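**Student:** Pasting a structure below so you can have a look.
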Amino acid sequence: MKHPAPGPTDIHSESFLRSLMARQLKLSIACALTFLVALLALPLANYYAPELMATRVFGFTLTWLVLGVLFFPFVWVIAFVFIRRSIALENSEVEEAKIQISNPKSQTNSKTQNPNSKGPGVPGALLLGFGFWNLFGIWILVFGI
Amino acid sequence: MQIDPYILAFSFVTVAVTVWMGFRSAKTSKTASDFFVAGRSVGVGMNASAISGEYLSAASFMGIAGMVMSSGYDALWYPVCYACGYLFLLLFIAGPLRRFGAYTIPDFAEGRFDSPVFRKIAVVFVLFIGFFYTMPQMKGAGTTLAYIFPGLPYWVGVVLVGAVITLNVALGGMKGITLVQAFQYWAKMFAISVPIFVLMAVYGHYGNQVGVNGDAAWDEYKSEAKPAPPGTLNFVHDTNPAILNRKGLPPKAPADATWLNPFGPLTTKAAKTAAAAIGKQAEKTWDREGAALAAQRAPGVPPGQDSITTSSASIANAPTRQDAGGTAERAWLAKHEKPLALLYTYSLIIAIVCGTAGLPHILVRFYTNPDGAAAKRTTMWVMILIGVFYVFPPVFGVIGRNLLPDLYNGLGAKGTDKIVLELPRLLNEKYAPLGSILSGITCAGAFAAFMSTFSGLLVSMTGALAHDVYGRILRPKSTPEQRMRMFKIGAVLIGGVAIVLGSFVEPLEINFMVGQAFAIAAASYFPLLFMAVWWRKLTMRGAAVGMLAGGVCALVAAALTNFSNLALDKGPMGKVFAVFAPLNDFWAAHPLLRILCEQPAIWAVPLAIILMIVVSKLTAKTIPSDSRMKMLVLHAPEQLGLKQEYIQEHQPH
């Protein structure tokens, strides 16, 4: 009888949670970086290239056109991409987990594992490492420039 | 000026419809849960409109236009960051929080850490942020009523509008608000866009209106040494043959170059004040040392005053007192103005982008979606709905600068904050009574704006009071009926306090106050939500210390700058807050500190996050034992049913 070991598809396992959070965080950070880079670079462009940013385009200054008009569609594109990807991500996570749920053996398996999951979450510490340093990347971007 | 019947009629209809809808739906909402989260049965389109309706406050409708008019480019950061902030909320917080399924932020705070104590701490900030955010709404109300009824004191408008909304909330609750706010979004959208299109068709489009500022032809006209033109003047735009009207700017208005500058009046205010103080200092120095030198100097010999330094030698060498002051001022500005303005800009961006995620009344709305996917689709629509809206208010500010520069001379409720209301009236010159009708429509939109946001805030704050303070802390055994009664009493109580606070803030700009409310949210709730969702090792103590320290620091800093600004007011508020006048001398001597207090997000947000990390590391033993399960509930897709499993496991305890 073939039975998947309580590995990547066990929804109560440490590795499932870790991959779940890592994938979600990666997507969120990629999207956040896209708009943060644009948003935070604009004041710098105003600072270091004032003549360029004051160029007239349809009567606006270039920087006015970017900030007052073009930024909104840009934000929509990021939101649209994020929502599509995150819904796809959730669906694939559900698919992954269903393989495990549809197998009654592993269902009981997960029940017996539950008490474990309530123990001191020592392995969980590792996840933080990943998530936290990634976050730190963002904060460096925000404050370090 | 007398009461315009069209304006009165439109405003009255908006108020009447809002109140009627509130009363009507009050009949259909029965249970306490109905009141708090509208039964989670709201459709995507309806909910997206309602969220947008609530989000677009008086700051968006009136404040942005007023601030673009008074500060130019600087003010554009506000609408853009309001929209980007929503994106940030979507990326990091909306999904997990929706899955966790708590009614309010305090619910989340308690559920995440299993700590009723933490809930009490978290509730405090619903009230802090809420009150800070109601003040600009009240200013919007006072300004609008003072416009509709010329001669009416500002505070009467605040009391009147505050009383109507408070009554409406006490009787209608959240269910009514969802419907009313969805309606109000479309009312606001219509009210801001239609007058703009008509105004642009008559007076020239957005680009042209921006373009006449700093236009070569205009500069040439002004440099011909004519006196400032009293009325309208026509001149041909050099790139577009359309004839644009522009009126002469009063001396109080910022010059074209300053207004268009990315580091304009708003971001450079602190530096300008400091430079003026340095100029004065230099003049004193000149009085002491330079006057004698200038007297000795033979007339006609040019002194070496062009070197840009502030050394005492160059001050003493200046030919006149004014030159000495001016040189010192310019030298200081050349060195410090732009870096300080850049810092201000970044702090503002952080405050608004992060603060959106921490607004108590916005987050509650996510729970009114039937499921997580619907919550995401809702957010996409919200992004589009508010993004489209935010293109329009700056156009009012730009056209207002060209056509209604008189407002630069107005104070408080008579200043630039009312540009959205008054600008369409200009059309009466050509097409009466179209101007009055459009002005009536924008007034109706303004009513929709501050009424919807104020009632949303009132529901959140009253919910916190009835649900948390009364239902959980004071009388844990109270029946639903008792809580409902408390909801009504609480609404009246909080509405009353908001009205009192609102009557103090007439001299402050609407948008500015909202920015500060965002800064407080950014330094308190945002770090809490962000870290609690993504960092498993956050402990209750860490979260509490970080949130309290960041939030209270930001609150005190923002309040200090508001007090010092109010002390500068020439009206009655200047006398009330006269105690804080010496603070302005301190700001002049320390422009950096002023910026850091006026826009505290740049240090308060990292402070909160660092404290959370440090204290959590120190109290690592108190990490909740089931933190992995909590993380799973936050992050695993809802179809897996982990939440039910979790709830079942916890029932027996």
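**Student:** Holding the Cα-Cα limit at 26 Å, pick out from A:K98/B:K376; B:K280/B:K418; B:K252/B:K414; B:K269/B:K335; B:K418/B:K488 the pairs that are longer than that. Present the calculation step by step, with values, prior to reporting the outcome.
**Tutor:** Numbers: A:K98/B:K376 23 Å; B:K280/B:K418 35 Å; B:K252/B:K414 15 Å; B:K269/B:K335 15 Å; B:K418/B:K488 33 Å.
Flagged as over cut-off: B:K280/B:K418; B:K418/B:K488.
**Student:** Convert each backbone phi in region B:194-207 into a coupling constant with the Karplus relation 6.51 cos²θ - 1.76 cosθ + 1.60 (shift: θ = phi - 60°), then list the ³J(HN,Hα) values in order as whole Hz, x for Gly and Pro.
**Tutor:** 4, x, 5, 5, 5, 4, 5, 5, 8, 10, x, 7, 3, x
**Student:** So if we plug the beta-carbon distance of B:I610 and A:R85 into 1/(1 + (r/R0)^6) with R0 = 35 Å, what FRET efficiency do we get, rounded to 0.05?
**Tutor:** On the way: r = 31 Å, r/R0 = 0.89.
Efficiency for this residue pair is about 0.65.
**Student:** Per the Debye formula with a single identical scatterer at each Cα and no solvent contribution, what log10 I(q)/I(0) holds for region B:60-159 at q = 0.17, 0.22 Å⁻¹?
**Tutor:** -0.96, -1.12
**Student:** Work out the mean other chain Cβ neighbour count within 10 Å for the residues of B:449-459 and drop it here as an integer.
**Tutor:** Values: counts 0, 0, 0, 0, 0, 0, 0, 0, 0, 0, 0.
Average neighbour count from other chains, rounded to a whole number: 0.
**Student:** Put a dot 7 Å past each Cα toward the Cβ at B:D585 and B:L568; how far apart are the dots in nm?
**Tutor:** My value for the distance between the label points is 1.7 nm.
**Student:** Still on this structure: Around B:I473, under 9 Å between beta carbons, what's the net of Lys plus Arg minus Asp minus Glu among the other residues? Walk me through the numbers on the way to the answer.
**Tutor:** Details: positive: B:R119, B:K120, B:R472, B:R475; negative: B:D468.
Local net charge: +3.
**Student:** In addition: How much net charge surrounds B:R536 when only other residues with a Cβ under 9 Å from its Cβ are counted (Lys, Arg +1; Asp, Glu -1)? Could you put the intermediate results ahead of the total?
**Tutor:** On the way: positive: B:K537, B:R628, B:K630; negative: none.
Counting the neighbours of B:R536, the net charge comes to +3.
**Student:** A further question follows. Rounded, prolate or oblate: pick one for region B:121-195, where a ≥ b ≥ c are the square roots of the eigenvalues of its C-alpha gyration tensor, a/c under 1.5 means rounded, and failing that, prolate if a/b is larger than b/c, else oblate. If you can, show how the numbers build up before the last one.
**Tutor:** Details: a/c = 1.73, a/b = 1.18, b/c = 1.47.
Verdict is oblate for region B:121-195.
**Student:** What is the sum of charges around B:T416, taking Lys and Arg as +1, Asp and Glu as -1, for the other residues whose C-beta is under 12 Å from the C-beta of B:T416?
**Tutor:** Local charge sum for B:T416: 0.
**Student:** Also: Hey, what do the phi angles of region A:42-52 turn into as Karplus ³J(HN,Hα) couplings, whole Hz, using 6.51/-1.76/1.60 and θ = phi - 60°, x for Gly and Pro?
**Tutor:** Once θ is set to phi - 60°, the couplings for region A:42-52 become 4, x, 5, 4, 4, 6, 8, 10, x, 5, 4 Hz.
**Student:** Hey, what's the Cα Rg ratio for region A:23-64 versus the globular rule of thumb, 2.2 N^0.38 Å? Don't jump to the answer; show the numbers that get you there.
**Tutor:** On the way: Rg = 14.4 Å, N = 42, 2.2 N^0.38 = 9.1 Å.
Relative to the rule-of-thumb radius for its length, region A:23-64 sits at 1.58.
**Student:** With the cut-off at 1.5 for a/c, could you classify region B:463-512 from its C-alpha gyration tensor as rounded, prolate or oblate?
**Tutor:** Numbers: a/c = 4.18, a/b = 3.02, b/c = 1.38.
Judged from the Cα gyration tensor, region B:463-512 comes out prolate (a/c at least 1.5, a/b above b/c).
**Student:** R0 = 51 Å: FRET efficiency of B:N409 with A:A30, Cβ-based, nearest 0.05? Each step should come with its number before you reach the end.
**Tutor:** Values: r = 50 Å, r/R0 = 0.97.
Between B:N409 and A:A30 the formula returns 0.55.
**Student:** Return the sequence-ordered ³J(HN,Hα) values of region A:68-84 in whole Hz as given by the Karplus equation 6.51 cos²θ - 1.76 cosθ + 1.60 applied to θ = phi - 60°, using x for Gly and Pro.
**Tutor:** x, 10, 6, 5, 5, x, 4, 5, 4, 4, 4, 4, 5, 4, 4, 5, 4
**Student:** I've got another one for you. I need to check one value: relative contact order of region B:414-466, counting alpha carbon pairs closer than 8 Å and at least 6 residues apart, in percent. Walk me through the intermediate numbers first.
**Tutor:** Working: 25 pairs, mean separation 13.2, N = 53.
Averaging sequence separation for qualifying contacts and normalising by length gives 25 percent for region B:414-466.
**Student:** Provide the FRET efficiency to the nearest 0.05 for the B:S193-A:Y48 pair, computing r from the beta carbons and using R0 = 30 Å. Numbers along the way, then the final one.
**Tutor:** On the way: r = 36 Å, r/R0 = 1.20.
So the FRET efficiency works out to roughly 0.25.
**Student:** Give me P(r) over region B:495-653, computed from all C-alpha to C-alpha distances, binned every 10 Å, as integer percentages.
**Tutor:** 10, 27, 25, 18, 12, 6, 0
**Student:** Which value in nm describes the separation of the simple spin-label points at B:A432 and B:K575, placed 7 Å from the Cα toward the beta carbon?
**Tutor:** In this crude label model, B:A432 to B:K575 measures out at 4.0 nm.
Read-outs throughout are calculated quantities, based only on the coordinates presented, and are distinct from any laboratory measurement. What you are looking at is a predicted structure, and each value in this text was computed from that prediction instead of being measured. Virtual Cβ from ideal backbone geometry, glycine too; neighbours counted across all protein chains shown.
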